[in-house]
Amino acid sequence: MQLANAWYRISVSPLPKITLVRFAQPSTSFQNRNKITGIYIPKSVHTINSFAFSGCSALNDVYYEGSEEDWDKVKKENNWQSGAPEFTVHFNA
């Protein structure tokens, strides 16, 4: 499935997770997806759009392929995680 230049695969076992396989930048396509518990973001991501993960109330873990320094360079637009709980970002995933 392709949404907003982002290819993703949903796996429901053991927990619902989204794996971003080829990813330009997420739009609001994931907004209010309350069953997503984790997401993998490749190092090739340079921008995360506003409200991309807003309302993802079950999101616990973000797995980022790059280092913490790389993550800090990713442009995160306003409210990209609005309404999501506090989650852990795992680096070099």
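The values are calculated or read from the model by the stated rules, or taken from the named source; none is laboratory data. As the structure is a prediction and not an experimental result, all values here were calculated from the model. Positions of Cβ are generated from backbone atoms using ideal geometry, with glycine treated the same way; all protein chains shown enter the neighbour counts. These area figures cover heavy atoms from the full protein model, side chains too; ligands, DNA and RNA do not enter into them. Shrake-Rupley method; radii C 1.70, N 1.55, O 1.52, S 1.80 Å.
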Problem - Selection count where residues are among the charged types (D, E, K, R) and either assigned to a loop (DSSP other than H, G, I, E, B) or open to solvent by less than 30 Å² (accessible area, probe 1.4 Å) (or both), scope segment 36-72 - result: 2
Exercise for the section: Kindly list, by first and then second residue, each pair from a residue in segment 73-88 that is assigned to a strand (DSSP E or B) to a residue that is hydrophobic (A, V, I, L, M, F, W, C), limited to pairs with Cβ atoms under 9 Å and residues at least 6 apart or on different chains. Expected result: LYS75/ILE48; LYS76/ILE48; LYS76/ALA52; THR88/VAL62
Handout entry: Residue among GLU69, GLU65 that alone is on the phi < 0 side of the Ramachandran plot and touching a Ser or Thr at 6+ places or on another chain (Cβ under 9 Å)
Key = GLU65
Completion exercise
Taking segment 44-58 and keeping only residues that are without any contact (Cβ under 8 Å) to a residue 40 or more places away in the chain and either under 11 Å from SER82 (Cβ atoms) or hydrophobic (A, V, I, L, M, F, W, C) (or both), one is left with VAL45, ILE48, SER50, PHE51, ALA52, PHE53, SER54, GLY55, CYS56
